[in-house]
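Everything on this sheet refers to the single structure shown next.
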Amino acid sequence: MNMYMILLVLDDPNLLDEVLQAWHDAGVFPLSVIESTGIHRRKKRVPMRYVFDEGVELEGHVTLYGIAPSLEKVQTCLKACEEITGDLDLPSTGVFAAWQIEAFHGLSEEDTLP
């Protein structure tokens, strides 16, 4: 079975729950989220948004990643994402990437069912 890792750097954290639900509904599971920021924002020193455990505040976005069981599901997630964010080729929307997983261990088939 081919499995794919999908990753989205979501520019607007307010859209997180909607994108997570759309990916889950598409059959992508497990899903994880990381608070993140990029070099562009760091260099611009944009006003702060997130407060991390160490007390450091950063303007950020969120990075989602999950495992898709087929290339068709990857395309479904991309389409669902762009219905929420708008065209990802436009500025300030996000960055989407997917790649085939060569080795996969740690989850049984029933663990990956939403």
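The values are calculated or read from the model by the stated rules, or taken from the named source; none is laboratory data. Everything quoted here is computed from the prediction, not taken from an experiment. Cβ: placed from backbone, ideal geometry, glycine included. Neighbour counts: every protein chain shown. Heads up: the accessible areas ignore ligands, DNA and RNA and are worked out on the full protein's heavy atoms, side chains in. Shrake-Rupley method; radii C 1.70, N 1.55, O 1.52, S 1.80 Å.
Find all pairs meeting these conditions: Cβ atoms under 6 angstrom apart; at least six residues apart or on different chains; first residue within the stretch 61-85 and at pLDDT 95 or above; second residue open to solvent by 50 Å² or more (accessible area, probe 1.4 Å) and acidic (Asp, Glu). Close Cβ pairs satisfying both conditions: Ile84/Glu18. For the stretch 82-108, the candidate set comprises residues that are in a strand (DSSP E or B) and open to solvent by less than 70 Å² (accessible area, probe 1.4 Å); within that set, the residue that is nearest to Asp17 (Cα to Cα) is Gly94.
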